[in-house]
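Reading through the structure tokens given below for one structure.
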Amino acid sequence: MLAIVAFGVYIDTSLSRTPALASESSNSSQGTNWLIVGSDSRQKLTPEERAKYATGDETSQLTDTIMILHTGSGPTTLVSVPRDSLVNIPGFGRARINSAYGKGGGPDGGGPALLVKTIEQSTGLRIDHYAEIGFLGIVSVVDAVGGVTLDVPESIKDPKAALDIKAGVQTLDGATALGYVRTRATASSDLGRVDRQRALLSALLNRVVSPTVLLNPFRVVPLVDGLNKAITVDSGDHIWNLAQLGLAMKGISSGISTTVPVTPTGTGTLNWDKTRASELFQAIADDQAPPKDALGP
């Protein structure tokens, strides 16, 4: 028992942390809200890895994935925020929401804090926890758990994402999973991608907390190493919060997965449908099931 506790302390102290959440928030929400971010930063990738995964240059500091996970007495709700959403970024004016991270200074310069502030201002929600996973993190965690099984709805070939995948149920390795959540080479483009991101994240976290992983030392040890390198959390978050996040993701199968309702602008950007988006986030703030007409896209 002592060894298990010591192992848990080691994992917790090894987590990467960043001051993402403000010490005080003027927003008030019932239940618990996570901001889950997939960072587009290539800074920790070698030139060989950037070429292998077709990630582009290392200077990009955008958030490729933005999701809000709500848990409470109401249904577990996962909301994808399209990266091309036009919102007001505090101090910078109206811009794509995924640029808030870079405008805040990147991974070590307050980027997460500005992104959280932008999300809170745009949604009216209070964000309680923050979790960020980078490009290399997706690869290492998926490979550490032995791959992730998904039912891929359509074949996709996208050299820009180093992806060539067939439709059907299959187990994705880390590199394939990375390409799958990055590609936009489908008819539904960005909106289709957020669907794939939700599916991959849910499957991955379900796999992480499964007995076949947690009771297998050959899986747990590389997983812990992968998580330490892959996940960044808020300064006040701990390993037990990540465990709660994984368990919450299991509730998505009986909960609600959706996207912020949007209207295309014709310029490659998206405006939120103000009425429907307001109804969606108000229901979440009240810890209630969002009305069906408030669900996106």
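A simple spin-label model places pseudo-atoms 7 Å from Cα toward Cβ; at residue 187 and residue 224 they are separated by 4.8 nm.
Dividing the mean sequence gap of close Cα pairs (under 8 Å, 6+ apart) by how many residues the range 173-297 holds gives a relative contact order of 19 percent. Dimensions of the range 172-297 along the principal axes, based on C-alpha atoms and rounded to the nearest Å, stand at 49, 37, 29, largest first. Computing FRET efficiency as 1/(1 + (r/R0)^6) for residue 166 and residue 289, where r is the C-beta to C-beta distance and R0 is 30 Å, gives about 0.25. Computed with every protein chain present, the accessible area of residue 117 is close to 120 Å² [probe 1.4 Å].
In Å², and per residue, what accessible area does the range 165-271 have when probed at 1.4 Å with the other protein chains present?
Details: 4650 Å² over 107 residues.
On a per-residue basis, 43 Å².
Residue ranking by accessible heavy-atom surface, 1.4 Å probe, largest first, among 281, 218 comes out as 218, 281.
Quote the charge dipole size of the range 221-297 about the Cα centre in Debye, to the nearest 20; the model charges only the Cβ of Lys and Arg (+1) and of Asp and Glu (-1). Walk me through the intermediate numbers first.
Values: 5 positive and 8 negative charges, 44 e Å.
The dipole magnitude comes to about 200 debye.
The portion of the accessible surface of the range 224-297 made up by carbon and sulfur, rounded to a whole percent, is 54 (1.4 Å probe; DNA, RNA and ligands excluded).
The values are calculated or read from the model by the stated rules, or taken from the named source; none is laboratory data. As the structure is a prediction and not an experimental result, all values here were calculated from the model. Don't worry about glycine lacking a Cβ; one is built from the backbone with ideal geometry, like all the others, and counts go over all protein chains shown. Side chains included, ligands, DNA and RNA excluded: accessible areas come from the protein's heavy atoms. Shrake-Rupley method; radii C 1.70, N 1.55, O 1.52, S 1.80 Å.
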